[in-house]
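Every read-out reported here was derived from the displayed coordinates using simple, explicitly stated rules and does not represent laboratory data. Just so we're clear, the structure is a prediction, and the values are computed from it rather than from any experiment. Heads up, the Cβs are rebuilt from the backbone with ideal geometry, glycines too, and the neighbour counts pull from every protein chain shown.
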């Protein structure tokens, strides 16, 4: 145990000290996660709402596709985005391969399935009578969507938090699209990979890990609180 | 479009002609998935049953811990195990870094939270009266566990399939502990990282296609299960 303890002791001062790299990485990662999740929410929540509420043909298929897209390995998304962005590729004119901008695109695409599929699931889980009643009382689409989102808000928030969480721990797509270039387009998670495998700088890797764990811990606590609220909500509905 | 098209054509021919490297990577990936899921199920399902059914103190804390460990970034798990297996580390004498066995171990650890947490969730979702009744009728612990396992089998299977899916998409921890050694201990996902890094885009695409095919197979299995389960909602990805 002496070895681990020693590495950990060297890691802790690096969080604030060092060249300020760890805190900067944390800031870049947080911004990336929030921006990607925000874009994915703006696109995904209305889409999920439409899938959950709509009564168009093929909505079951669309819902199944949304659920399936949750399971697409992130490295696959990374490979496709990178090849599209390469100079000879269809989007090569943008010149954003191996840059943070490319990573933003990949992360947004990765967050999208969460906001779409989990919003659709949350809306689907609403008591069916509620929406029928609103429809019968003459609610229009916009009103119906707003009602559904308000009632399903906890599920939708859980979706957003899940998207944030995966964005924080993502490695595969970030490394593939960004090239994992130090001081350029690294995130906390991808920097841990490089510090361990390329530089064998274990204290630095541990320092970055500690910051990553703190961020994940905050998100997880939020999810747990939401989950408990959701439980009491369900209980109340059942007893009534 | 020509780059994408050319690479895609080469990728398809790599798959069609059974490229030896690709075949080796597919074989090892399936081996990793099978072994890690088997280990994680053998340990995780009984553990999940104990936590889900038990009436001891602290079981709620254990349940939250199991759920939280699903959200642990794999890169963190990879770093910690790597440091434990480093020659100077606590289990350094096992020499597991940069070996296939090391990859089996790290993936088993990563899969464990899924089998534990989803078994707990499946058991807890059983109608409350069921286990009470069995207890009143004098069922012993083992009988109770067998009964719960039989009734919650669809949810437990979903946990096993989720464990399989993580084995297919996992990158960071496998790269850190395994070292991503070409043609030796690469999985499809970690090989795609290697391939894009080496600008072997056709290989990367071929790997992506195979990965998607395997994931689709799993999703097919999951949706079949979902139909058996009659109304039980199953999804790969985070169970928040």
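Here is a check on your reading of the model: is residue A:88 touching a helix residue (DSSP H, G or I) at 6+ places or on another chain (Cβ under 7 Å), surrounded by fewer than 15 Cβ atoms within 10 Å (Cβ to Cβ) and free of Cβ contacts under 8 Å to residues at least 12 places away in the same chain?
Judged against the criteria, residue A:88 is a match.
Does residue B:134 satisfy being away from chain A (no Cβ under 11 Å) and within 21 Å of residue B:7 (Cα to Cα)?
no
With the condition kept exactly as written, say whether any residue in segment B:76-88 is within 25 Å of residue A:175 (Cα to Cα) and in a loop (DSSP other than H, G, I, E, B).
Yes - at least one qualifying residue is present in segment B:76-88.
The rows are residues; the columns are (1) surrounded by fewer than 20 Cβ atoms within 10 Å (Cβ to Cβ); (2) out of contact with any helix residue (DSSP H, G or I) (no Cβ under 9 Å at 6 or more places or on another chain); (3) within 30 Å of residue A:195 (Cβ to Cβ); (4) more than 11 Å from chain A (Cβ to nearest Cβ).
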| site | (1), (2), (3), (4) |
| --- | --- |
| B:49 | no, no, no, yes |
| B:55 | yes, yes, no, yes |
| B:60 | yes, yes, no, no |
| B:64 | yes, no, no, no |
| B:69 | yes, no, yes, no |
| B:77 | no, no, yes, no |
| B:88 | yes, no, yes, no |
| B:101 | yes, no, yes, yes |
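Go through (1) surrounded by 19 or more Cβ atoms within 10 Å (Cβ to Cβ); (2) part of a loop (DSSP other than H, G, I, E, B); (3) without any contact (Cβ under 8 Å) to a residue 12 or more places away in the chain and name the single condition residue A:97 misses.
So the condition that residue A:97 fails would be (3).
Spot the failing condition for residue B:214; the list is (1) within 22 Å of residue A:178 (Cβ to Cβ); (2) part of a helix (DSSP H, G or I), and only one is missed.
(1)
Quick one: is residue A:123 more than 12 Å from chain B (Cβ to nearest Cβ) and either within 24 Å of residue A:227 (Cβ to Cβ) or touching a strand residue (DSSP E or B) at 6+ places or on another chain (Cβ under 6 Å) (or both)?
yes
Name every residue in segment B:186-211 that is outside any helix (DSSP H, G or I) and touching a helix residue (DSSP H, G or I) at 6+ places or on another chain (Cβ under 7 Å), in order of residue number.
Those that are outside any helix (DSSP H, G or I) and touching a helix residue (DSSP H, G or I) at 6+ places or on another chain (Cβ under 7 Å): B:186, B:187.
With a cut-off of at least 3 residues that are over 30 Å from residue B:187 (Cβ atoms), name the helices (runs of 4 or more DSSP H) lying wholly within segment A:130-190.
In segment A:130-190, A:141-151, A:153-169 are the helices (runs of 4 or more DSSP H) which contain 3 or more residues that are over 30 Å from residue B:187 (Cβ atoms).
Of all residues in segment A:146-169 being over 26 Å from residue A:128 (Cα atoms) and within 10 Å of another protein chain (Cβ to nearest Cβ), which is surrounded by the most Cβ atoms within 10 Å (Cβ to Cβ)?
A:163
Being out of contact with any strand residue (DSSP E or B) (no Cβ under 8 Å at 6 or more places or on another chain), part of a helix (DSSP H, G or I), within 14 Å of chain A (Cβ to nearest Cβ) and within 17 Å of residue B:109 (Cβ to Cβ) narrows it down to one of B:33, B:40, B:11, so name that one.
One residue alone meets the criteria, B:33.
Of the conditions (1) within 12 Å of another protein chain (Cβ to nearest Cβ); (2) without any contact (Cβ under 8 Å) to a residue 12 or more places away in the chain; (3) surrounded by fewer than 20 Cβ atoms within 10 Å (Cβ to Cβ), residue A:63 clears all except one; give me its number.
(2)
If you scan segment A:170-201, which residues turn out to be surrounded by fewer than 24 Cβ atoms within 10 Å (Cβ to Cβ) and either more than 25 Å from residue A:3 (Cβ to Cβ) or touching a residue at least 60 places away in the same chain (Cβ under 8 Å) (or both)?
Once the filter is applied, which keeps residues that are surrounded by fewer than 24 Cβ atoms within 10 Å (Cβ to Cβ) and either more than 25 Å from residue A:3 (Cβ to Cβ) or touching a residue at least 60 places away in the same chain (Cβ under 8 Å) (or both), segment A:170-201 yields A:179, A:180, A:181, A:182, A:183, A:184, A:185.
Pick from B:134, B:167, B:122: which is surrounded by fewer than 22 Cβ atoms within 10 Å (Cβ to Cβ), on the phi < 0 side of the Ramachandran plot and touching a residue at least 12 places away in the same chain (Cβ under 8 Å)?
B:134
So which residues in segment B:183-228 are more than 7 Å from every other protein chain (Cβ to nearest Cβ), under 18 Å from residue A:197 (Cα atoms) and free of Cβ contacts under 8 Å to residues at least 40 places away in the same chain?
B:190, B:194, B:195, B:197, B:198
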